[in-house]
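To start, the structure under review is shown below, and the notes come after it.
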Amino acid sequence: MAGAKILVAEDDGIIAHHIQNVLIKLGYQVVGVAQSGFDAFALVEREQPELILMDINLQGDLDGVDTADQIHRKFDTPIVYLTAYSDEKTLHRARISDPFGYILKPFDERTLHATIIIALHKHELDLELKASEARFRALVQNQGEGLLIVDREERFVFANPAADE
């Protein structure tokens, strides 16, 4: 996981530069710094980072939460918020993008490093689980024998195509 490609989405140039220096010191590859949601989306499309550190306050029409949600839907890139905002409303909004972490500024380098390691590992496990589910789904959907699942109230919960026939 060392050497992972990370995108920094931060609208403050001084803070972005500091984050970039910390990431390089920790052995990560910074593929770009985006000051707006539009820039972040374009960089993700072009650079395909393995992780994004996302501030909630970004320049332009899209804030970090909206940007993260769109990136998560289209690219399934893990997001870790690195922000000064910790109010309940912001935390509630941030949950919609299914973040892999939430770090408050000012941040500690060890906390950042640990969060990145855990986020990358969790994303790797999520990808393995999705692949396993896809294989299982294909097996069940394409088998010639009917397969039914019934709950405790004897209601049908699942039927594969062979069972439907």
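The values are calculated or read from the model by the stated rules, or taken from the named source; none is laboratory data. Remember, predicted model here, so these are calculated numbers, not experimental data. No Cβ is skipped: glycine too gets one built from the backbone with ideal geometry, and neighbour counts run over all protein chains shown. The area values use the complete protein model at the heavy-atom level, side chains included, leaving out ligands, DNA and RNA. Shrake-Rupley method; radii C 1.70, N 1.55, O 1.52, S 1.80 Å.
Amide H contacts of residue 6 (H built 1.01 Å from N, in plane; Pro and chain starts excluded): 29, 30, 31, 50 sit under 5 Å, all sequence-distant by 5 or more or on other chains.
Given 162, 57, 101, which one lies farthest toward the positive end of the charge dipole of the chain, if we put +1 on the Cβ of every Lys and Arg and -1 on the Cβ of every Asp and Glu? So the residue furthest toward the plus end is 101. Full extension of the chain between residue 109 and residue 26 yields a length gain of 29.0 nm, computed as 0.36 nm times the residue separation minus the alpha carbon distance. Taking every protein chain into account, the accessible area of the chain amounts to 60 square angstrom per residue (probe 1.4 Å).
When the dipole is taken about the Cα centre of the range 34-137, and only Lys, Arg (+1) and Asp, Glu (-1) are charged at their Cβ, what size is it in debye, to the nearest 20?
With only Lys, Arg, Asp and Glu charged at Cβ, the dipole is about 280 debye.
For the chain, what is the number of Lys pairs with C-alpha distance below 19 angstrom, counting only pairs 8 or more positions apart or on separate chains? Lysine pair count for the chain: 8. Distance between the pseudo-spin-label points of residue 132 and residue 162 (7 Å out from Cα toward the beta carbon): 2.3 nm. On the basis of the beta-carbon distance and an R0 of 25 Å, residue 125 and residue 70 show a calculated FRET efficiency of 0.60.
Taking amide H atoms as placed 1.01 Å from N in the peptide plane, the amide H of residue 143 has no partner under 5 Å among residues 5 or more positions away or on other chains.
Once the Cβ-Cβ distance of residue 48 and residue 143 is raised to the sixth power relative to R0 = 30 Å, the FRET efficiency obtained is 0.25. Only protein atoms count toward the accessible area here, which uses a 1.4 Å probe; on the chain, the carbon and sulfur part of that area reaches 53 percent. Taking the C-alpha atoms only, the angle from helix 64-75 to the longest principal axis of the chain is near 50 degrees.
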